[in-house]
Amino acid sequence: MSEPILRLEGLRKAFNRGTPLENEVLHGIDLALSGGELTALIGPSGSGKSTLLNLIGLLDTPTAGELWLGGQPTRALDDAARTALRNRSLGFVFQFHHLIPAFNVLDNVLMPLMIRHGKPNAESLDRARALLAEVGLDGFAQKKAGELSGGQQQRVAIARALVTRPPLLLADEPTGNLDTRTADTVFELFERFNAQFGCAVLVVTHDPRLAARCTRQIELVDGRLQRDG
Ligand SMILES: Nc1ncnc2c1ncn2[C@@H]1O[C@H](COP(=O)(O)OP(=O)(O)OP(=O)(O)O)[C@@H](O)[C@H]1O
Ligand SMILES: [Mg+2]
């Protein structure tokens with residue numbers, strides 16, 4: 001088997017270390033994801049799903065264990081190297097979307113490409129516009145992101161996360177604000193990126209219907225992986 005896009009070994013995360021409030025949220029997570037997989041991460045509220053995604057997204061650091069992204073161990077990397085690896089390897093749809101509200105929709109989607117290559121060329125613009133159409137936001141390109149509804153902003157964030165065709169897409173409740181039909185459309189987009197670009201997807205969802213559509217389901221309960229299959 002080829003090198004997994006993601007590998008976790010003994011990953012732990014404690015908050016408020018060394019204080020009376022110290023709280024270990026992840027208790028040693030082992031996991032490998034390969035390029036072709038579309039994986040659902042399920043589990044009760046507070047079980048540590050977002051904490052785990054933030055670690056995988058290199059937005060936070062584990063208290064123990066190691067995390068390999070595309071074969072690269074990440075524990076010893078400095079901030080600049082983490083940022084570069086994140087931009088190269090990952091797309092991230094946050095539970096709360098983090099758009100730049102004063103920028104228009106198109107510029108929000110183009111942002112990861114501009115970070116990589118500077119001023120967007122015609123191909124970047126086409127790609128961003130096509131993604132906006134796919135998430136049902138044709139005609140919203142010039143609107144300010146801050147003036148969109150929650151569900152519309154969530155879809156902009158999904159387009160932004162996919163615009164670089166990342167080897168690994170992390171999506172934290174990406175369809176939480178969406179009606180069933182729009183959620184289906186977003187999921188079809190994930191399936192297409194998975195099939196067409198070999199983009200591995202790790203998606204947190206509370207929706208059993210969407211979880212069942214994934215090729216693999218993993219469950220986090222009280223900071224431990226319970227189920228894998
Ligand atoms: N920055 C932080 N400082 C202290 N505790 C935190 C922090 N972030 C998360 N926690 C705690 O870690 C636990 C897991 O939180 P997390 O957000 O990962 O859960 P979740 O599975 O994503 O839940 P939900 O389904 O509600 O989004 C919770 O008890 C939470 O209070
Ligand atoms: Mg969460």
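The values are calculated or read from the model by the stated rules, or taken from the named source; none is laboratory data. Treat the numbers as computed from the prediction; the structure is a model and nothing was measured. Glycine also receives a Cβ, built like all others from the backbone with ideal geometry; neighbour counts cover every protein chain displayed. Surface areas here come from the heavy atoms of the whole protein model, side chains and all, with no ligands, DNA or RNA. Shrake-Rupley method; radii C 1.70, N 1.55, O 1.52, S 1.80 Å.
In the set (1) within 16 Å of the chain's Cα centre (by Cα); (2) open to solvent by 10 Å² or more (accessible area, probe 1.4 Å), residue 75 fails one condition alone, (1). If you filter the range 13-30 down to residues that are at pLDDT 95 or above and more than 16 Å from ligand 2 (Cβ to nearest atom), you find that the one that is most open to solvent (accessible area, probe 1.4 Å) is 30.
The rows are residues; the columns are (1) touching a His at 6+ places or on another chain (Cβ under 8 Å); (2) over 15 Å from residue 202 (Cα atoms); (3) hydrophobic (A, V, I, L, M, F, W, C).
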{"site": "37", "(1), (2), (3)": "no, no, no"}
{"site": "42", "(1), (2), (3)": "yes, no, yes"}
{"site": "58", "(1), (2), (3)": "no, no, yes"}
{"site": "72", "(1), (2), (3)": "no, yes, no"}
{"site": "96", "(1), (2), (3)": "no, yes, yes"}
{"site": "106", "(1), (2), (3)": "no, yes, yes"}
{"site": "117", "(1), (2), (3)": "no, yes, no"}
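Every listed requirement among (1) away from ligand 2 (no atom under 16 Å from the Cβ); (2) open to solvent by less than 10 Å² (accessible area, probe 1.4 Å); (3) within 19 Å of residue 161 (Cα to Cα) is met by residue 5 save one, (2). Failed condition for residue 222, given (1) in contact with a helix residue (DSSP H, G or I) (Cβ under 6 Å, 6 or more places away or on another chain); (2) closer than 19 Å to residue 51 by Cβ, with all others met? Every condition holds for residue 222 apart from (1). Looking at the range 178-229, which of the residues that are acidic (Asp, Glu), outside any strand (DSSP E or B) and open to solvent by 80 Å² or more (accessible area, probe 1.4 Å) is farthest from residue 136 (Cα to Cα)? Per the criteria, the residue is 222. Which of the residues that make up the range 33-81 are within 12 Å of ligand 1 (Cβ to nearest atom) and either charged (D, E, K, R) or not in a helix (DSSP H, G or I) (or both)? Hits for the range 33-81 are 41, 42, 43, 44, 45, 46, 47, 48, 49, 59, 60. Residues in the range 158-177 that are open to solvent by less than 10 Å² (accessible area, probe 1.4 Å) and away from ligand 1 (no atom under 16 Å from the Cβ): 158, 159, 161, 162, 163, 166, 168, 169.
Of the residues making up the range 96-123, just one is in contact (Cβ under 8 Å) with a residue 12 or more places away in the chain, open to solvent by 70 Å² or more (accessible area, probe 1.4 Å) and either part of a strand (DSSP E or B) or within 16 Å of ligand 1 (Cβ to nearest atom) (or both), namely 98. Here residue 70 passes the criteria (1) under 16 Å from the mean Cα position of the chain (by Cα); (2) of a type outside the set (A, V, I, L, M); (3) open to solvent by 70 Å² or more (accessible area, probe 1.4 Å) except the one numbered (3).
Quick grid of which residues meet (1) farther than 26 Å from residue 84 by Cβ; (2) of a type in the set (Asp, Glu); (3) free of Cβ contacts under 8 Å to residues at least 40 places away in the same chain:
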{"position": "173", "(1), (2), (3)": "yes, yes, no"}
{"position": "188", "(1), (2), (3)": "yes, yes, yes"}
{"position": "191", "(1), (2), (3)": "yes, yes, no"}
{"position": "196", "(1), (2), (3)": "no, no, yes"}
{"position": "202", "(1), (2), (3)": "no, no, no"}
{"position": "206", "(1), (2), (3)": "yes, no, no"}
{"position": "214", "(1), (2), (3)": "yes, no, no"}
